Amino acid sequence: MQWLKDTLNLRTSGKGLHEITDQIVQRLHEWDVHAGMCFLFIQHTSASLVLSENYDPSAQSDLETFMDRLVPEGQNWYRHTMEGADDSPSHIRAMITATSTSIPVDNGQLNLGTWQGVYIFEHRESPQRRSILLRCLKIE
């Protein structure tokens, strides 16, 4: 077995779901990983990682709308607003979603379901730079 590691530095265009499946698969191909386990961790408190449907864009829209309704911006009880109205809600959204995930690798591919993709769920309104630690246990 071999332990491989890298950091994916990505830029989001602002709030919403941003698919990163291809960037992860590209790295696995560069590493020539045919079987193993892929571990992901996002190093931020206002964004998260989500496995979600990547076929129909309306599924993404529904998830974004759900999160906006679950944790709305502009509530008068928010105290942490140093960086704007989306500050506290972004941290709450990241707290209730995943900041890490692990995905098996088989036959050189992430072993995702037919319509699954890996996403950064950006909770801030403005574009952000995000770092995702990518670790892979390669079985030889």
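Checking each residue in the stretch 78-123 for being touching a Pro at 6+ places or on another chain (Cβ under 9 Å), without any contact (Cβ under 8 Å) to a residue 12 or more places away in the chain and within 20 Å of M67 (Cβ to Cβ) picks out only Y78. Scan the stretch 2-20 for residues that are touching a Pro at 6+ places or on another chain (Cβ under 9 Å) and either crowded, with 20+ Cβ neighbours inside 10 Å or on the phi > 0 side of the Ramachandran plot (or both) and the total you get is 2. With respect to A59, determine if the residue is at pLDDT below 95, hydrophobic (A, V, I, L, M, F, W, C), in contact with a Gly (Cβ under 9 Å, 6 or more places away or on another chain) and under 20 Å from G14 (Cα atoms). So A59 does not fit the description; no. Applying the condition of being in a helix (DSSP H, G or I) and hydrophobic (A, V, I, L, M, F, W, C) to the stretch 65-81 and asking which residue is farthest from the chain's Cα centre (by Cα) yields L70. Among the strands (runs of 3 or more DSSP E) confined to the stretch 82-140, the ones with at least 3 residues that are at pLDDT 95 or above and among the charged types (D, E, K, R) are located at 129-138.
For the stretch 1-45, the tally of residues that are within 14 Å of Y119 (Cα to Cα) and of a type in the set (G, A, S) stands at 3. When the residues of the stretch 70-125 are narrowed to those that are within 15 Å of T45 (Cα to Cα) and among the polar types (S, T, N, Q), which ends up surrounded by the most Cβ atoms within 10 Å (Cβ to Cβ)? Per the stated criteria, the residue is S90.
Within the stretch 32-68, the set of residues being under 18 Å from L4 (Cα atoms) and surrounded by 19 or more Cβ atoms within 10 Å (Cβ to Cβ) comprises V33, G36, C38, L40, I42.
Rundown of residues vs (1) in contact with a Leu (Cβ under 7 Å, 6 or more places away or on another chain); (2) charged (D, E, K, R); (3) farther than 27 Å from V25 by Cα, yes/no style:
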{"position": "N54", "(1), (2), (3)": "no, no, no"}
{"position": "Q60", "(1), (2), (3)": "yes, no, no"}
{"position": "L63", "(1), (2), (3)": "yes, no, no"}
{"position": "L70", "(1), (2), (3)": "no, no, yes"}
{"position": "I96", "(1), (2), (3)": "no, no, no"}
{"position": "I103", "(1), (2), (3)": "yes, no, no"}
{"position": "G113", "(1), (2), (3)": "no, no, no"}
{"position": "G117", "(1), (2), (3)": "no, no, no"}
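The values are calculated or read from the model by the stated rules, or taken from the named source; none is laboratory data. For clarity, every value in this text was computed on a predicted model and none was experimentally measured. Neighbour counts are summed over all protein chains in view; Cβ atoms, including those assigned to glycine, are modelled from backbone coordinates with ideal geometry.
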